[in-house]
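Contents: one structure, followed by commentary.
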Amino acid sequence: MTEMNKSTNRDDLFRFIDSDAISSEKIVAPRYSYWKSVFRVFFRKKINIVCLAILALIFLISFIMPIFWPYDVMENVSRASSYNLSPSAAQAYFGGFSMKWLLGTGSYGNSILYGIISGARTSLLLAIICAAINMTLGIIIGAVWGYSKRLDSILIVIYNIVANVPYILLISVLVYIIGSGFWSFIFALTVTGWLGIAYFFRTQVMIIRDREYSLASRCLGTPVNRVISKNILPFLTSVIVTLLATELPSYISMEVFLSYIGVGLSATVPSLGRMIQQAQTAFLTYPWEFWPPVIIASAITIILYILGQNLADASDPRTHM
């Protein structure tokens, strides 16, 4: 009886399978999603959630509030008594508490708070549009540049010429020639801004273009565009995210700096850099005009940098192991 029980228990450990050749080739494994794994690693850090929440709040306020409460820098220009009022003085002057005068008034009686909100919208739009244009052109041209030896000899000469011209000087000359409007400023930032990105990707592509899987694809007659899009660019995903992490905040810093020295956007376009430039001579006597735009510009730049760097780390496949 004991021997029969032992035999029955051993039989329970095994089961019969069919001899279907197709079924035998199937590998049972959990489905893997690269981007799902990236975001799982990314959201593991609490600082990323906090930064995303702050950035989302800044986006909502800067893009929604001006629709209902537009900013006009010259709305009180005829009322000299409203110039450079502190927050408490502005509340008393305009008849009680109001969010509009929460940070006081500027040198033209304008609302500092509404100016910061509209300026943040301008800076974020500028950074997103410039990054989209420069990154798209830089990645596409850089991938072709690094893969094509014939094109390399032409573009390397162009790059050496343009790279020796100071970037700030080039932007300043273009702004003076074509004007200081919003789209003119974007053109000045992107007309050659993609070239440095393209050169960086050219170097990265040259490193991996002659690896075994790329050579095998070429031997099988795979078109060049498919080799670049399927073999090379996916391998550079973490590099692309890393570069984007530095590009986005750099355009905001560039706009603030150029507007601060008087070369950036025109006075009709609300800008954080323009507000800082206008208040630079009065930051000791009227600190509420100078420090709030400085703090907001710095906060946006730092948050974008932190999020970008952490997303770049999360997109590295080595962090998914």
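Any read-out appearing in this document is the output of simple, stated calculations on the displayed coordinates, not a laboratory observation. Quick caveat: nothing in here was measured; it's all calculated off a predicted structure. Counting neighbours? That spans all protein chains shown, and the Cβs are built from the backbone with ideal geometry, glycine included.
Just so you know, the Cα atoms of the chain work out to an Rg and Dmax of 28.5, 108 Å.
Note on segment 238-321: the C-alpha convex hull projects to 6.3 nm² when averaged across all orientations. Per residue, the chain reaches -22000 deg cm²/dmol at 222 nm when only DSSP H runs of four or more residues are counted, each adding -39500 (n - 2.57).
Note on the chain: GNM, Cα springs under 10 Å; of ASN164, ASN231, ASN310, the largest mean-square fluctuation is that of ASN164. Relative to the 2.2 N^0.38 Å rule of thumb, segment 185-251 has a C-alpha radius of gyration ratio of 1.35. Hydrodynamic radius of segment 111-267 by the Kirkwood approach over all distinct alpha-carbon pairs: 17.2 Å.
The phi-based Karplus calculation (6.51 cos²θ - 1.76 cosθ + 1.60; θ = phi - 60°) puts the 3J(HN,Hα) values of segment 151-159 at 6, 4, 5, 7, 5, 5, 5, 4, 5 Hz, whole numbers, x for Gly and Pro. Pair-distance distribution P(r) for segment 227-272, from all Cα-Cα distances in 5 Å bins starting at 0: 5, 19, 17, 13, 10, 10, 9, 9, 7, 1 percent.
Among THR281, THR190, THR246, a tally of other beta-carbon atoms within 10 Å of each Cβ gives an order, fewest to most, of THR281, THR246, THR190. Contact order for the chain, expressed relative to its length and based on alpha carbon pairs under 8 Å spaced 6+ residues apart, stands at 22 percent. The three principal axes of the Cα atoms in segment 94-165 give end-to-end lengths of 71, 23, 11 Å, sorted in falling order. Estimated translational diffusion coefficient (Stokes-Einstein, Kirkwood radius over Cα pairs, 37 °C, 0.692 mPa s) of segment 118-157: 279 µm² per second. Scalar couplings 3J(HN,Hα) for segment 39-50, obtained by applying the Karplus form with A = 6.51, B = -1.76, C = 1.60 to θ = phi - 60°, are 6, 5, 5, 5, 7, 5, 8, 5, 4, 5, 5, 5 Hz; x denotes Gly and Pro.
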